[in-house]
Amino acid sequence: MHRKPVLLVIAHGSRDPRHAATVHALVRRVRSLRPGLRVETGFLDFNVPSVHGMLESLAAEGVRDVVALPLLLTRAFHAKADIPAVLRDAPPQLRITQAEVLGPSPLLLSALERRLYEAGLTPADKSSTGVVLASAGSTDPEAIAVIADIAREWWHTGWCAVRPAFASAAGFPRTEDAVRELRAMGCPKVAVAPYVLAPGFLPDRIARGAADADVLAEVLGPSPEVARVLLERYDAARMPVPAALGA
């Protein structure tokens with residue numbers, strides 16, 4: 001009998017216990033959406049099981065096919081370097097396909113918007129609300145450009161304005177800078193939408209930067225939209241690559 005590849009969700013890991021708890025809650029939601037799919041979790045750092053340990057465990061069980069899915073919103077250093085390096089050290093009997101990162105996706109924009117509504121906004125507030133799209137930040141120019149593109153796309157759905165912001169030292173502007181900019185532009189309300197998956201050090205910094213905003217949304221967390229994106233990326237990774245034209 002042909003078995004579906006195991007979905008291995010690769011999370012960064014954190015000393016903050018809220019991080020792992022959120023990752024596990026998201027994985028439970030993915031399992032609930034597709035009961036016949038085996039979904040496991042591995043962490044790059046700080047938490048167990050490690051990615052390498054989980055791959056060894058799967059190989060020992062006789063698993064052959066794995067889709068490794070980076071639990072990341074942008075293609076930055078971890079997706080381009082860290083994760084491929086770990087996967088290269090996997091047991092040789094495993095056939096591993098690395099799936100794409102989660103973002104960008106229309107589903108993630110839907111999740112961001114729903115988090116803002118859960119925090120107290122309504123659809124009627126859109127045109128009078130400026131939004132700070134607050135990401136963790138990266139030194140990777142591609143990742144920074146993607147966040148700016150998402151902000152522009154989201155603005156076109158009717159918000160007063162949308163400005164990207166970054167929590168890490170490498171990023172600029174910071175959340176508090178973007179809040180001030182939106183105030184100066186004349187947006188009657190300012191909301192901060194964390195474009196991060198789980199609580200931790202950088203999301204806490206975003207929250208501090210949102211002190212002068214009217215609304216601070218929760219992190220994306222185990223929202224149904226994020227779970228659906230995981231399954232979309234898994235399905236896409238299993239699709240055969242089309243042959244080149246004229247081949």
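The values are calculated or read from the model by the stated rules, or taken from the named source; none is laboratory data. Since this is a predicted model, take the numbers as computed values, not measurements. Positions of Cβ are generated from backbone atoms using ideal geometry, with glycine treated the same way; all protein chains shown enter the neighbour counts. The protein model used for the area step is the full one, side chains on, heavy atoms only, and it has no ligands, DNA or RNA in it. Shrake-Rupley method; radii C 1.70, N 1.55, O 1.52, S 1.80 Å.
Tell me, what is the percent relative contact order of the chain, built from C-alpha pairs under 8 Å that lie six or more residues apart? Can you show the working numbers first?
Values: 464 pairs, mean separation 55.2, N = 247.
Result for the chain is 22 percent.
Cα axis of helix 175-185 to longest principal axis of the chain: angle in degrees, 0 to 90, nearest 10?
Between the helix axis and the principal axis of the chain, the angle is about 40 degrees.
Return a whole-number percent for the relative contact order of region 118-180, with Cα pairs under 8 Å and 6 or more residues apart as the contact set.
39 percent
Probe radius 1.4 Å, ligands and nucleic acids ignored: give me the carbon and sulfur share of the accessible area of region 7-54 as a rounded percent.
Working: 1240 of 2260 Å².
That share works out to 55 percent.
How much length is gained if the chain between D212 and S168 is pulled fully straight, taking 0.36 nm per residue apart and subtracting their Cα-Cα distance, in nm to one decimal?
That works out to 13.9 nm of additional length.
Compute the FRET efficiency between E61 and L37 as 1/(1 + (r/R0)^6), taking r as their Cβ-Cβ distance and R0 = 22 Å, and round to the nearest 0.05. Please report the intermediate quantities before stating the final value.
Numbers: r = 16 Å, r/R0 = 0.72.
About 0.90, to the nearest 0.05.
Could you give the accessible area per residue of region 51-131, probe 1.4 Å, as a whole number in Å²?
Numbers: 3510 Å² over 81 residues.
Value for region 51-131: 43 Å² per residue.
Taking a ≥ b ≥ c as the square roots of the eigenvalues of the Cα gyration tensor of region 142-215, is the shape rounded (a/c under 1.5), prolate (a/b larger than b/c) or oblate? If you can, show how the numbers build up before the last one.
On the way: a/c = 1.67, a/b = 1.16, b/c = 1.44.
Oblate shape, in that a/c is at least 1.5 and b/c is the bigger or equal ratio.
Restricted to Cα positions, what overall size does the chain have along the principal axes? Three whole-Å values, descending.
61, 47, 33
From the gyration tensor of the Cα coordinates in region 1-141, what semi-axes in whole Å does the equivalent ellipsoid have, largest first, with each one equal to sqrt(5λ)? Before the final figure, lay out the partial values.
Numbers: eigenvalues 202, 62, 39 Å².
So the equivalent ellipsoid measures 32, 18, 14 Å along its semi-axes.
Provide the per residue accessible area, probe 1.4 Å, for region 178-217, rounded to a whole number of square angstrom. Walk me through the intermediate numbers first.
Values: 1770 Å² over 40 residues.
Computed with neighbouring chains in place, this is 44 Å² per residue.
For the pair T122/H156, report the inter-label distance in nm, with labels modelled 7 Å from Cα in the Cβ direction.
2.9 nm
Of the heavy-atom accessible surface of region 80-176 (probe 1.4 angstrom), what whole percent is carbon and sulfur?
Working: 2500 of 4420 Å².
Of all accessible area on region 80-176, carbon and sulfur atoms account for 56 percent.
In nm, to one decimal, how far is the R95 label point from the A145 one, both placed 7 Å along Cα→Cβ?
For the pair R95/A145, the computed spacing is 3.4 nm.
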